[in-house]
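Notes follow once the structure below has been shown.
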Amino acid sequence: MAKRSNNLLNISEALQDFVTENKLEKGLDKVNVRDAWSKLMGNGINNYTTAIELKKDTLYIQLSSSALREELSYGNQKIITMLNEELGKEIIKKLVLR
């Protein structure tokens, strides 16, 4: 049976340690990116968003409207900056709109 350590951790630190020990950061990043997209883009764009996928440092967004895809492509770098600021770290380096 494992021995208890007398170090007191708050729940936030304990969860962070668990995540780093079990290498769960990438999975959490994928979930956090979806939440950030929904929060930042609002209902208008979310209604046309059909898929959100993070692979390495590239975010793939599938949209059902070609006109919206073209409009969003003009602000590509701004969207990347906004998402990274919302996430608190630089996860996304490239945005691909499909």
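The values are calculated or read from the model by the stated rules, or taken from the named source; none is laboratory data. Everything numeric in this text was worked out from a predicted model, so none of it was measured. Using ideal geometry, Cβ is built from the backbone for each residue, glycine included, and neighbour counts are taken over all protein chains shown. Just so you know, the surface numbers come from the protein's heavy atoms only, side chains and all, with ligands and any DNA or RNA stripped out. Shrake-Rupley method; radii C 1.70, N 1.55, O 1.52, S 1.80 Å.
Applying the condition of being assigned to a loop (DSSP other than H, G, I, E, B) and not hydroxyl-bearing (S, T, Y) to the stretch 41-69 and asking which residue is least open to solvent (accessible area, probe 1.4 Å) yields D57.
Criterion applied to K3, K23, K30 was being at positive phi, of a type in the set (D, E, K, R) and either touching a strand residue (DSSP E or B) at 6+ places or on another chain (Cβ under 7 Å) or modelled with pLDDT under 85 (or both), and the one residue passing it is K23. Residues that are within 18 Å of I91 (Cα to Cα), of a type outside the set (G, A, S) and without any contact (Cβ under 8 Å) to a residue 12 or more places away in the chain within the stretch 31-52 comprise V31, D35, M41, listed in sequence order. Taken residue by residue, the stretch 6-13 has no member that is at pLDDT below 90, of a type outside the set (D, E, K, R) and open to solvent by less than 70 Å² (accessible area, probe 1.4 Å). Is there any pair with a first residue in the stretch 79-98 that is basic (K, R) and a second that is surrounded by 14 or more Cβ atoms within 10 Å (Cβ to Cβ) and at pLDDT 95 or above whose Cβ atoms are under 6 Å apart and which are 6 or more apart or on different chains, and what are they? Listed pairs, sorted by first residue: R98/Q62. Here the condition is being farther than 27 Å from L15 by Cα, part of a helix (DSSP H, G or I), of a type in the set (A, V, I, L, M, F, W, C) and free of Cβ contacts under 8 Å to residues at least 40 places away in the same chain; of L28, L72, it holds for L72 alone. Exactly one residue out of D35, D29 is surrounded by 14 or more Cβ atoms within 10 Å (Cβ to Cβ), acidic (D, E), under 23 Å from E86 (Cβ atoms) and within 19 Å of the chain's Cα centre (by Cα): that is D29.
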